[in-house]
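The values are calculated or read from the model by the stated rules, or taken from the named source; none is laboratory data. This one's a predicted model, so the numbers in the text were calculated from it and none came from an experiment. When we count neighbours, we look across all protein chains shown, and the Cβ atoms used for this are built from the backbone with ideal geometry, even at glycine.
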Amino acid sequence: MNARFNHHKADAHWQAIWEERGTFHASDDSPKPRSYVLEMFPYPSGRIHMGHVRNYTMGDVLARFRRMRGYEVLHPMGWDAFGMPAENAAMEKKVHPGDWTRANIAAMREQLKRLGFALDWSRELATCEPDYYGQEQALFLDLYAAGLVYRKESAVNWDPVDMTVLANEQVIDGRGWRSGALVERRKLSQWFLKITDFADDLLEGLKTLDQWPEKVRTMQENWIGKSQGMRFTFQLDRPVGETTSFDVFTTRPDTIFGASFAAIAADHPIAAALAADNADLAAFVQECKRTGTAAADIETAEKKGYDTGLTVAHPFDPEWRLPLFVANFVLMEYGTGAIFACPAHDQRDLDFARKYALPVTRVVAPSDEDADTPIHDEAYTGPGRIVNSRFLDGMAIEEAKAAVIARAEAEGWGQGTTVWRLRDWGVSRQRYWGTPIPIIHCDDCGPVGVPKGQLPVILPEDVSFDIPGNPLDRHPTWKHVDCPSCGKPARRETDTLDTFVDSSWYFIRFASAPSDQPFDKAIAEQWLPVGQYIGGVEHAILHLLYARFWTRALKHIGKIDIAEPFTGLFTQGMVTHETYKSPEGIWLGPDEVSDGKIIATGEPVTVGRVEKMSKSKKNTVDPGPIIDQYGADSVRWFMLSDSPPERDLPWSESGIEGCWRFIHRLWRLTEPADPATGEDKDLDRKLHRAIAGIAIDIEALGFNRAVAKIHELANAIEKAPPSASRDAACRTLVRLVAPMVPHLAEDAWARLGADGLVADAAWPDHDPALLIDDEVTIAVQVNGKLRDTLMAPKGSSRDVLEAMAMASDKIARSLDGAVPRKVVVVPDRLVNIVA
Ligand code: ANZ
Ligand code: ZN
C-alpha cells in the first residue's frame, strides 16, 4: 500500500504548479465558449471566515467543472477595499487605513491561495487603489455629463459633539456611537445618482431573470415598490398666512372614509409658519429635527405630535372636519410631507391615534363577518373588502382605489399617480476612505468636473484621525485647487463615494482592465454578463440593485451593450455553530470548550442555539488552523457535503474528520493496481450514471447531491470484485472528484501516470446506453384488471411482450379458456388483453 495522502505536500505543490503554469488564466482571445463564474468579492477585514470558504468553494467547483467541460472560464478575485472599518482601525490602532487594508489583503490572499481556488490572480483588483477608483471617477464624470448625477440638499445624521456626519449604523438609540451625543438632523448638499430614471426598467428586467431565486426578485420588486397612489388637496378651516390648503399623498385612497386626522412634517412650511408665533410648537419642531433619518429609527421611535388646533375638510364631506397635527413620523422628503391618517389600517397612524385618543374606524374587512370587528393594537393591512365607506362599500381594495381617484379627478380635487418606493441613490459620504468625488467647486462656475486628464484624484496619504470628522475636509492643502473652467481659486469636493459604487462595476473591470479607460467595450462584452454569481442573501437588495442600475446607466451612455449584469444568481446559506456561555453568562468560543466544560476551569457550559458564526457570539471557527490540520481538500469537501447549498451548514469537528477520512478512502481507491480483466456491467452502469448525474448536479449547484453520488460510487467500487470495469471506474473517479478536491485529484492523476494536469483534463463522457435501466416492469391486465406483472428487457417489441403475457400462468388462469379478442400493448409499460 502506498503512503497516505500527504496534504501538506500536495496542497503547496499543486498550488505552485497551477500558479507557475497560469492554469487558471482566462484568455481574452480563446476560441472556446466562455463562462464567467463570480463570487461576491470580500471586504478585507483581516481574515477569511467560514462564510467566505463556503462561498468561494462553491464557485470554484463550478469554475473547475466548466473548464473540464471545455469552457474558457473567467473566475477572478478582488477586494471591496474602501469603507468604514479601515477608518475605525485608524482611530483605534493609529494605523493608516491604507496600510491596514493592504496588510489585510495580503493576509487574506494567502489564505485564499491555500484553499487552492482556481482563480485568475492576474486580474486581481482592489477598489482602494487609484488604478481602480480613478477609472470609477471617469465613469462618474461620464454619468454626470449625461445628466444622471445631480446635487441636492438632503438630511444627514449630525453628531454635534464630534462635529461629523454619521452613517445610519453609527447612530445607536438616537445617539452618536462615539460621542454619545444626541444626534441631530442636518441638511447638506449631496450627490445623487438618478436610479429612479430606471425604476420601470429595473422592475421589468426582473422578469427576465429566471435564473435568480424567486425571493430575491420579490425583494427587489418590493424595494422598487411600484404602486398606484393619489395626491389630493385638503382645505384648511382658516388660512395660515396666505396658505388656505395643502396637498397630501396616499397609497391607500381606498381608506379615505377611515380618515381620523391629518398630519404634516415638522419641517413642512405650514408648521414653520405656525411655529413662528408659537413657542411650544417651535420647541416640538426642534425636537423632531433631532431624530435620526434612518427609516428604521422613524418606524421605532415613539410617535409624537402637536395639535395645531386647525382642521381640514374631508374631501367627500365638507361637514366632516379632521384635526391637523404636526407629527414626528411624517417626513418632508417623501410625497408632499403631509398625510391623511387612517389608524385602522396603518400601524404608525394607529400608535399615534391611541396616544392622542383619536377615532379608529375599520374600513377594510377580510370577510363580511369582520366588518365591525374592532381594531386593537395592530392595524389591519391585509386584503379584503371595503366597509363603513358610503359609496365604496363592498368594493375590493384596488377597485375602491380606482373609484376614489376617478371621483377626485372628476371633481378636480385630486389625481392618481404612479408612485415608487425607490429613491434616488445618495452617494456622498463625509469620509476619508473612499473614492474621492471628482468635482471642483468654484464660486463663479459652480460644481465643475475634474478634467479627465487630471484623473485620478488621489486620496492624500498624510491625514490624521486624531480628531473626528472628515480628514479630507481639514487637510491643509488637498482641497485647494484652481477651477478647471475659469482658473480662479476653488475647492475640491471632500466627500467620497458610497462604497456600493465601487462594487457596482468591479465585475466589468475583471473582464477588461486597460490602464487608459475603465474597460474595453468589446472585450468586456465577450465575457459579460456574469453567468453565475454567488453570494450572501444580505446583498439581495442594495448591491444587486445598484449593480443592475450602474450597468443600465453605462448602457444608456453607450459604454456597454448589456442590461442585466448577472444571468444566474445563487445565494448560499450560512455556516453556523453551537453557541456556548459560561456560568457567568459570558460567551465562549468553541476552542475554549470541550465535552460541555470550560477547558481552563472545568466549569460546565450552557450550550446555546446553533447560529450564524459571528464574532459577537464568539462561535466562530477560524479556517486557517483547520486547513493546516486537515488540508484544503477536506475543508472544501466539508463545505459541499450534507447541507443543500442554499441552507445553513452547521460546522462540526466530527464532520471535518469524516471528510478527512473520506479523502483518504478516495486516495486508496485511486491507487494504481495490476490491471484486471473482465466486464462488470453493473458497475459500468453505476459509473456512467454517476458521470451524468454529477454533471447535472454541479451545473444546478446541487453540490451536496453530487457529493452523495460520489459516496455511492465509492461504495460500489469498494464492493465490486476486480475487473477491467473496476479499474476504469477507479481511474474515472479521479476526474469526477477533481472540481471538489483538486489537490488529491492532481496527486492521484500523476500517480496513475496520466498526461498533464487533471485540472486541464476533460470531464469524462458517459455512455447514454448505460443510463437506461435494462429491465422494466410490465403490467398485464385482463379486461382492464391487473392480473400479473412481468420483468421484460427494456425496449422489447410488442410481439415479445404479448407472447410473454400469454405465457403467464396467472393470465391463463384468469382467461379461463376464453379467446382473446384484442391485445393492446404499450411498450415498456403494459399489456391489456380483452377477452
Ligand atoms: C393614508 C393611508 C391609509 C396610508 C392606510 C397608508 C395606509 P409607502 O407605501 O411606504 O409609499 N405617507 C405619505 N407621505 C408620507 C410622509 N411624507 N411621511 C410619512 N408617511 C407618509 O407609504 C405611503 C403611505 O405612507 C401613504 O399612504 C401615507 O399614509 C404615508 F391605511 O395614506 B397612507
Ligand atoms: Zn470657475
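Scanning the range 476-499 for residues that are away from ligand 2 (no atom under 16 Å from the Cβ) and not β-branched (Val, Ile, Thr) yields Pro476, Trp478, Asp495, Leu497, Asp498. Being within 14 Å of ligand 1 (Cβ to nearest atom) and among the acidic types (Asp, Glu) holds for only one residue in Glu184, Glu221, and it is Glu221. Suppose the filter is in contact with a helix residue (DSSP H, G or I) (Cβ under 6 Å, 6 or more places away or on another chain) and more than 16 Å from ligand 1 (Cβ to nearest atom); does Leu166 pass it? Answer is no for this residue.
Within the range 52-92, the only residue that satisfies the criterion of being hydroxyl-bearing (Ser, Thr, Tyr) and assigned to a loop (DSSP other than H, G, I, E, B) is Tyr71. Beta carbons closer than 9 Å, at least 6 apart along the sequence or on distinct chains, pair a first residue in the range 596-622 that is over 19 Å from Gly573 (Cβ atoms) and touching a residue at least 24 places away in the same chain (Cβ under 8 Å) with a second that is in a loop (DSSP other than H, G, I, E, B) and of a type in the set (A, V, I, L, M) for Lys618/Ile586; Asp622/Ile48.
The set of residues in the range 600-638 that are hydroxyl-bearing (Ser, Thr, Tyr) and loosely packed, with under 14 Cβ neighbours inside 10 Å comprises Thr601, Thr606, Ser616. Looking across Leu281, Leu350, Leu358, one residue alone is buried (at least 17 other Cβ atoms within 10 Å of the Cβ), more than 16 Å from ligand 2 (Cβ to nearest atom) and free of Cβ contacts under 8 Å to residues at least 40 places away in the same chain. It is Leu350.
Conditions (1) assigned to a loop (DSSP other than H, G, I, E, B); (2) within 16 Å of ligand 1 (Cβ to nearest atom); (3) touching a strand residue (DSSP E or B) at 6+ places or on another chain (Cβ under 6 Å); (4) under 19 Å from Trp425 (Cα atoms), marked per residue:
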position	(1), (2), (3), (4)
Asp200	no, no, no, yes
Pro239	no, no, no, no
Ser245	no, no, yes, no
Ala262	no, yes, yes, no
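Which residue is farthest from the chain's Cα centre (by Cα), if the candidates are limited to the range 498-542 and must be aromatic (Phe, Trp, Tyr), closer than 30 Å to Lys612 by Cβ and part of a helix (DSSP H, G or I)?
Here is the first cut: in the range 498-542, the ones aromatic (Phe, Trp, Tyr) are 500, 505-507, 510, 519, 527, 533.
Those still in the list that are closer than 30 Å to Lys612 by Cβ too: 500, 505-507, 510, 533.
Narrowing the set further to residues that are part of a helix (DSSP H, G or I) leaves 500, 506-507, 510.
Working: Phe500: 13, Tyr506: 16, Phe507: 15, Phe510: 20 Å.
Across the range 498-542, the extreme among qualifying residues is Phe510.
Screening Arg668, Arg685 for residues that are within 24 Å of Glu746 (Cα to Cα) and assigned to a helix (DSSP H, G or I) leaves exactly one candidate, Arg668. What about Pro484, is it in a loop (DSSP other than H, G, I, E, B), free of Cβ contacts under 8 Å to residues at least 60 places away in the same chain and surrounded by 14 or more Cβ atoms within 10 Å (Cβ to Cβ)? For Pro484, the condition - in a loop (DSSP other than H, G, I, E, B), free of Cβ contacts under 8 Å to residues at least 60 places away in the same chain and surrounded by 14 or more Cβ atoms within 10 Å (Cβ to Cβ) - is met. Taking the condition of being assigned to a helix (DSSP H, G or I) and over 39 Å from the mean Cα position of the chain (by Cα), how many residues in the range 698-737 meet it? The number of residues fulfilling the criteria is 12. Being within 16 Å of ligand 2 (Cβ to nearest atom) and either under 23 Å from Glu136 (Cα atoms) or surrounded by 12 or more Cβ atoms within 10 Å (Cβ to Cβ) (or both) is the requirement here; does Pro451 meet it? Here the answer is yes, as Pro451 does meet what is asked.
Pairing residues of the range 370-390 that are over 13 Å from Val360 (Cα atoms) and within 16 Å of ligand 1 (Cβ to nearest atom) with residues that are assigned to a loop (DSSP other than H, G, I, E, B) and of a type in the set (Ser, Thr, Tyr), at Cβ distances under 8 Å and at least 6 apart in sequence or on separate chains, gives Gly384/Ser367.
Residues of the range 568-610 being charged (D, E, K, R) and either in a loop (DSSP other than H, G, I, E, B) or closer than 23 Å to Gly702 by Cα (or both), which ones? It would help to see each step written out before you state the result.
The first filter runs over the range 568-610 and keeps only residues charged (D, E, K, R), leaving 578, 581, 584, 591-592, 595, 597, 603, 609.
Answer for the range 568-610, where residues must be charged (D, E, K, R) and either in a loop (DSSP other than H, G, I, E, B) or closer than 23 Å to Gly702 by Cα (or both): Glu584, Asp595, Glu603.
Here Phe329 meets each of (1) closer than 29 Å to Asp424 by Cβ; (2) out of contact with any Ser or Thr (no Cβ under 8 Å at 6 or more places or on another chain); (3) in contact (Cβ under 8 Å) with a residue 12 or more places away in the chain; (4) more than 11 Å from ligand 1 (Cβ to nearest atom) with one exception, condition (4). Does the range 677-696 include one or more residues that are without any contact (Cβ under 8 Å) to a residue 24 or more places away in the chain and closer than 22 Å to Ala762 by Cα? Scanning the range 677-696, I find at least one residue that is without any contact (Cβ under 8 Å) to a residue 24 or more places away in the chain and closer than 22 Å to Ala762 by Cα, so the answer is yes. Checked against (1) modelled with pLDDT under 95; (2) within 16 Å of ligand 2 (Cβ to nearest atom); (3) acidic (Asp, Glu), Asp473 passes all but condition (2). Scanning the range 197-243 for residues that are modelled with pLDDT of 95 or more, in contact with a Ser or Thr (Cβ under 8 Å, 6 or more places away or on another chain) and either within 21 Å of Pro253 (Cβ to Cβ) or crowded, with 18+ Cβ neighbours inside 10 Å (or both) gives Leu209, Val216, Met230, Arg231, Phe232, Thr233, Phe234, Gln235, Leu236. The set of residues in the range 361-381 being in contact with a helix residue (DSSP H, G or I) (Cβ under 8 Å, 6 or more places away or on another chain) and either within 16 Å of ligand 2 (Cβ to nearest atom) or not small (Gly, Ala, Ser) (or both) consists of Thr361, Arg362, Val363, Val364, Ile375, Asp377, Glu378, Tyr380, Thr381. Scanning the range 791-825 for residues that are within 25 Å of Lys681 (Cα to Cα) and at pLDDT 90 or above turns up just one, Leu801. Taken residue by residue, the range 430-438 has at least one member that is touching a Leu at 6+ places or on another chain (Cβ under 9 Å), away from ligand 1 (no atom under 15 Å from the Cβ), of a type in the set (Phe, Trp, Tyr) and assigned to a loop (DSSP other than H, G, I, E, B). Exactly one residue out of Val537, Val530 is among the aliphatic types (A, V, I, L, M), more than 16 Å from ligand 2 (Cβ to nearest atom) and modelled with pLDDT under 95, and it is Val537.
Applying the set (1) more than 13 Å from ligand 1 (Cβ to nearest atom); (2) within 13 Å of Leu545 (Cα to Cα) to Thr208 leaves exactly one unmet item: (2).
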